[in-house]
């Protein structure tokens, strides 16, 4: 039971953070080099999705998922039209030559505020590389599960 | 000789304590005490319901996505925090290191045994609370003995001296187990909790190890009191 509680507490802490920041994924890993030199591949980003003091404005670094794809993209807002939850935003990676129009879904020229899962409020360099390794070398996941299983079996409870 | 075949590491305090803790319910239940599992039941109920809540949260998040289930998730997190907090309080304040709760076979007294050890000191502190039938009168007994009294040098648990310690010190257990109680009395009660400096000097000169049966025989001949040298080896 103790091991189960450890897992569920970790999960609930993640969910608590998620609810507090109003973001489905409050911690993301930078997957590409499109925001260099600010963020490198493997950095861990902390997100906040509540507009308590001001709206998401031009110049903020935001994370969004392209419709239909599960990959989070971390870019900077360069244009904004309108205000409130239906504002339209255009993003561009600092290290990219062109803006994100090609990355959006077919026929979509702007992002809605609703598509954004959070603005970056903090980061930790390099820590996210573990996640990248796990997704690029899936056998690592099996190894990790195996080790966890061993620990449970050898424990007293 | 009632020595178990499994060996534990004698230097590992957690192992010593856990093995001794496991022996107490075995011993008392074998004497006819009726064990009460209320403490364990509440703890498991709190723990598993918290786990079930987390599993449910995972399930609806997986099926319906984050946005539509935000409210439920917020409520679940709050409730989970309460359950986990309650579980922690229960374990720390209500259980307080309790190892066994049960009622005596004939007198009907409630016996509650809790144990503790201090870090890196090989002494077993047992606290026994005896409440008379009907909830009258609370007696608290504290026993502190060295683990060396019931573990041999290799790490095998020897049941007889452990049972004698309990039967000799706690009247309720002694009544239920007269054989061990009388044995404890005949050996003069409290055994020394550690080797005295004189004993250690004698051992060093005799050039034997301080733990193990060789040491017991060596100290047996030096020790004052009614202890016989081969006491721990006898059935």
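The values are calculated or read from the model by the stated rules, or taken from the named source; none is laboratory data. All values derive from a computational prediction rather than experimental measurement. All Cβ positions, glycine included, derive from the backbone under ideal geometry; neighbour counts span all protein chains shown.
Taking the stated definitions as given, is residue B:13 within 11 Å of chain A (Cβ to nearest Cβ), in contact (Cβ under 8 Å) with a residue 12 or more places away in the chain and in contact with a helix residue (DSSP H, G or I) (Cβ under 9 Å, 6 or more places away or on another chain)? Here the answer is no, as residue B:13 does not meet what is asked. The requirement of being farther than 21 Å from residue B:65 by Cβ and modelled with pLDDT under 85 is satisfied by residue A:2. Condition test on residue B:73, is it at the interface with another protein chain (Cβ under 9 Å from one of its Cβ atoms), surrounded by fewer than 18 Cβ atoms within 10 Å (Cβ to Cβ), assigned to a helix (DSSP H, G or I) and at pLDDT 90 or above? It is false that residue B:73 is at the interface with another protein chain (Cβ under 9 Å from one of its Cβ atoms), surrounded by fewer than 18 Cβ atoms within 10 Å (Cβ to Cβ), assigned to a helix (DSSP H, G or I) and at pLDDT 90 or above. In contact with a helix residue (DSSP H, G or I) (Cβ under 8 Å, 6 or more places away or on another chain), more than 19 Å from residue A:21 (Cβ to Cβ) and assigned to a strand (DSSP E or B), is that true of residue A:140? So residue A:140 fails the test. Where strands (runs of 3 or more DSSP E) sit wholly within segment A:1-112, those with at least 3 residues that are closer than 21 Å to residue A:132 by Cβ occupy A:27-29, A:44-48, A:61-65, A:72-81.
Conditions tested, residue by residue: (1) surrounded by fewer than 15 Cβ atoms within 10 Å (Cβ to Cβ); (2) more than 14 Å from chain A (Cβ to nearest Cβ); (3) not in a loop (DSSP other than H, G, I, E, B).
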site: B:40; (1), (2), (3): yes, no, yes
site: B:44; (1), (2), (3): yes, no, yes
site: B:52; (1), (2), (3): yes, no, yes
site: B:78; (1), (2), (3): yes, no, yes
site: B:102; (1), (2), (3): no, yes, yes
site: B:108; (1), (2), (3): yes, yes, no
site: B:120; (1), (2), (3): yes, yes, no
site: B:127; (1), (2), (3): no, yes, yes
site: B:130; (1), (2), (3): no, yes, yes
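Set side by side, the residues B:67, B:61 differ, and just one is loosely packed, with under 15 Cβ neighbours inside 10 Å and either within 14 Å of chain A (Cβ to nearest Cβ) or within 20 Å of residue A:13 (Cβ to Cβ) (or both), which is B:67. From the list A:127, A:121, the lone residue that is touching a strand residue (DSSP E or B) at 6+ places or on another chain (Cβ under 6 Å) and in a loop (DSSP other than H, G, I, E, B) is A:127. Listed conditions (1) assigned to a loop (DSSP other than H, G, I, E, B); (2) surrounded by 12 or more Cβ atoms within 10 Å (Cβ to Cβ); (3) within 14 Å of chain A (Cβ to nearest Cβ) are all met by residue B:32, apart from (3).
Taking the options B:91, B:113, name whichever one is under 16 Å from the mean Cα position of the chain (by Cα), outside the structural domain of residue B:29 (by TED's automatic domain parsing) and either farther than 24 Å from residue B:170 by Cα or touching a residue at least 12 places away in the same chain (Cβ under 8 Å) (or both).
Working: B:113 fails: outside the structural domain of residue B:29 (by TED's automatic domain parsing).
It is B:91.
Scanning segment A:47-64 for residues that are surrounded by fewer than 17 Cβ atoms within 10 Å (Cβ to Cβ) and within 23 Å of residue A:20 (Cβ to Cβ) yields A:48, A:50, A:51, A:52, A:53, A:54, A:55, A:57. Among the residues of segment A:28-44, is there at least one that is within 14 Å of another protein chain (Cβ to nearest Cβ) and under 19 Å from residue B:73 (Cα atoms)? Scanning segment A:28-44, I find no residue that is within 14 Å of another protein chain (Cβ to nearest Cβ) and under 19 Å from residue B:73 (Cα atoms), so the answer is no. Check segment B:9-29 and report whether any residue there is surrounded by 15 or more Cβ atoms within 10 Å (Cβ to Cβ) and assigned to a loop (DSSP other than H, G, I, E, B). Yes; the residues of segment B:9-29 include at least one that is surrounded by 15 or more Cβ atoms within 10 Å (Cβ to Cβ) and assigned to a loop (DSSP other than H, G, I, E, B).
Of all residues in segment A:1-17, which are free of Cβ contacts under 8 Å to residues at least 24 places away in the same chain and facing chain B (nearest Cβ under 7 Å)?
Of all residues in segment A:1-17, those free of Cβ contacts under 8 Å to residues at least 24 places away in the same chain come to A:4-17.
Within segment A:1-17, A:4, A:5, A:8, A:9, A:11, A:12, A:15, A:16 qualify.
Taking the condition out of contact with any helix residue (DSSP H, G or I) (no Cβ under 8 Å at 6 or more places or on another chain), in contact (Cβ under 8 Å) with a residue 24 or more places away in the chain and at negative phi, does residue B:133 pass?
Here the answer is yes, as residue B:133 does meet what is asked.
To keep it simple, each residue is scored yes or no on (1) closer than 18 Å to residue B:121 by Cα; (2) at pLDDT below 85; (3) in contact with a helix residue (DSSP H, G or I) (Cβ under 8 Å, 6 or more places away or on another chain).
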| position | (1), (2), (3) |
| --- | --- |
| B:148 | yes, no, no |
| B:152 | yes, no, yes |
| B:158 | no, no, yes |
| B:164 | no, no, yes |
| B:167 | no, no, yes |
| B:170 | no, no, no |
| B:175 | no, yes, yes |
| B:182 | no, yes, no |
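When you scan segment A:87-107, do you find a residue that is at pLDDT 90 or above, within 18 Å of the chain's Cα centre (by Cα) and within 14 Å of another protein chain (Cβ to nearest Cβ), even just one? Within segment A:87-107, none of the residues are at pLDDT 90 or above, within 18 Å of the chain's Cα centre (by Cα) and within 14 Å of another protein chain (Cβ to nearest Cβ).
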